[in-house]
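To start, the structure under review is shown below, and the notes come after it.
The values are calculated or read from the model by the stated rules, or taken from the named source; none is laboratory data. Computed from a prediction, not measured in an experiment: that's the story for all the values here. Heads up, the Cβs are rebuilt from the backbone with ideal geometry, glycines too, and the neighbour counts pull from every protein chain shown.
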Amino acid sequence: MIQCQVRQWLAKRRLRELKIEARSVGHLQKLNRGLENKIISLQTKTRFHAYFFYDLIQNAENGRLWTISAEADKMRVEMANLETQRCVLLATKAHAEDLEAKVKLLEASRKEEAAKNIKLEEELQNTKDKLKMEFEETIAKINALNTELSGLRTRYNNLMKQKKLVDVELAREKNRYLASEQEISQMREQLLANANLLASPALSRTGSEFLL
């Protein structure tokens, strides 16, 4: 009688253990199905990001970046040429100022000898008018060049800002792509571990005994 009760108690305990193990197997199978679905979703998302990332790189490298770099190089050459012209005009301005100073000296001399040399007075006046005109033209050209240089610098800075934004966008897409790849790799490893656990002899025997 006692042995019969002991056997019943042992049988009930074994049944509880088998039910617990069966629930564990079911949980792992459910977890695996969830992981498989998530991997499929992430693979789809990764392919989308990879295509977008590749397209973005191609467009950026073959389009905007090339155009920005080419235009920036062209602007640097133009700015260098304009700077050279500006230096030449500044030298011309200095020369004109030097000539104007000489004209003043000649004019002082003219005042002293005005009565003796009327022809010199006319030449001095013509020279003064010519120098004044050249000086005003030089100033106008310098101002125009300064304005053009300022505009070119502004455009150049804007282009550099656009290039930085493109570089940041590319870096972000690359990071998202790498993160997705890493997450998929981790999930594959987890799925493989769960599959190995399900295929282990102990767990397979437990499932068979529960079914019997």
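Residues are listed down the side, and each one gets a yes or a no for (1) closer than 26 Å to Thr84 by Cβ; (2) exposed (fewer than 12 other Cβ atoms within 10 Å of the Cβ):
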{"residue": "Glu121", "(1), (2)": "no, no"}
{"residue": "Glu137", "(1), (2)": "yes, no"}
{"residue": "Gly151", "(1), (2)": "yes, yes"}
{"residue": "Val166", "(1), (2)": "no, no"}
{"residue": "Lys174", "(1), (2)": "no, no"}
{"residue": "Tyr177", "(1), (2)": "no, no"}
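Return yes when Ala114 is modelled with pLDDT under 70 and more than 40 Å from the chain's Cα centre (by Cα) and no when it is not.
Here the answer is yes, as Ala114 does meet what is asked.
Modelled with pLDDT of 70 or more, surrounded by 12 or more Cβ atoms within 10 Å (Cβ to Cβ) and under 30 Å from Val166 (Cα atoms), is that true of Glu97? Spell out how you get there, then give the answer.
Numbers: modelled with pLDDT of 70 or more: yes; surrounded by 12 or more Cβ atoms within 10 Å (Cβ to Cβ): yes; under 30 Å from Val166 (Cα atoms): no.
So Glu97 does not fit the description; no.
Assess whether Asn59 counts as being modelled with pLDDT under 65 and part of a helix (DSSP H, G or I). Quick ask: steps written out before the conclusion?
On the way: modelled with pLDDT under 65: yes; part of a helix (DSSP H, G or I): yes.
Here the answer is yes, as Asn59 does meet what is asked.
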Within the stretch 114-154, residues closer than 20 Å to Glu97 by Cβ, touching a helix residue (DSSP H, G or I) at 6+ places or on another chain (Cβ under 9 Å) and hydrophobic (A, V, I, L, M, F, W, C) come out as Leu124, Leu131, Phe135, Ile139, Ile142, Leu145
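Every residue, every condition in (1) in contact (Cβ under 8 Å) with a residue 60 or more places away in the chain; (2) among the hydrophobic types (A, V, I, L, M, F, W, C); (3) part of a helix (DSSP H, G or I), yes or no:
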position: Glu148; (1), (2), (3): yes, no, yes
position: Leu152; (1), (2), (3): yes, yes, yes
position: Arg172; (1), (2), (3): no, no, yes
position: Gln186; (1), (2), (3): no, no, yes
Kindly provide the set of residues from the stretch 182-212 that are at pLDDT 80 or above and surrounded by 15 or more Cβ atoms within 10 Å (Cβ to Cβ), ordered by number.
Glu183, Ile184, Met187, Leu191, Asn194
